[in-house]
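Asks: Pasting in a structure now, in structure tokens, and then I'll have a few things to ask.
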Amino acid sequence: MSLQAPEFFTELCLPFHDHVVVGNTYYAAPAPGTPLRLRIDFTSALHADTYGGLRVAVVHPERGEIDAVALSFVDHGTFHRRDEATHTRPNTKRYGTFDTHHRPGRPPWDGAVTTGLRDAIKLYTAVWFPGAWTVSVPKRAVGRTPRRTPAPPAVPTVARTR
């Protein structure tokens with residue numbers, strides 16, 4: 001069965017404009033004008049065809065790998081909801097992992113919540129590629145000024161007697 005890596009990385013919603021998935025590996029050029037590249041691979045778990053996380057690496061075309069970090073699915077809560085719903089116990093083959101065997105019509109990583117992984121990749125790439133993650137802040141409408149909110153009226157406090 002296929003790992004469906006392009007679909008996984010699409011669901012991960014990484015913001016890098018220049019990227020490609022080759023096999024099971026994601027490559028990106030997060031910052032224009034720099035030779036550094038980002039490579040993201042799946043990390044194998046103890047069992048065959050089972051994946052337990054991602055390995056994110058910064059690669060230079062001439063010097064090779066500069067730095068890398070392993071991001072486990074367990075540490076980033078990727079399959080926490082799925083495992084809670086199916087009562088999968090820690091220290092079992094399926095806990096916090098996925099494998100290439102899956103239900104027809106569903107991806108092998110069905111039930112993954114990728115927010116924690118994306119946040120970890122964001123923190124890591126911010127060190128090597130400052131400004132690669134741009135956050136668009138909605139601008140106020142032109143000509144509008146903030147209004148002062150009046151303070152609530154003072155309520156006298158009354159001592160209670162018994």
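Asks: When Lys and Arg each count +1 and Asp and Glu each count -1, what net charge do the other residues less than 14 Å away from V21, Cβ to Cβ, add up to?
Replies: That works out to -2.
Asks: May I ask for the net charge around I121, where only other residues with Cβ less than 12 Å from the Cβ of I121 are counted and Lys, Arg are +1 while Asp, Glu are -1?
Replies: +3
Asks: If you stretched the chain out fully between N24 and K122, how much longer would it get, using 0.36 nm times the residue separation minus the C-alpha to C-alpha distance?
Replies: So the chain would gain 33.3 nm between N24 and K122.
Asks: Still on this structure: Go through segment 1-84 and name the GluC sites (Glu not before Pro) that are in a DSSP coil and have 16 or fewer other Cβ atoms within 10 Å of their Cβ.
Replies: Working: sites: E7, E11, E62, E65, E84; in loops: E62.
Answer by residue number: E62.
Asks: Starting with the fewest neighbours, write out T25, T34, T125 ranked by other beta-carbon atoms found within 10 Å of each beta-carbon.
Replies: Fewest to most other Cβ atoms nearby, the residues stand as T34, T25, T125.
Asks: Can you put R55, R63 in order, fewest other beta carbons within 10 Å first?
Replies: R63, R55
Here, each number is a calculation from the coordinates, and none is a lab measurement. Keep in mind the model is a prediction, meaning the values are calculated, not measured. Using ideal geometry, Cβ is built from the backbone for each residue, glycine included, and neighbour counts are taken over all protein chains shown.
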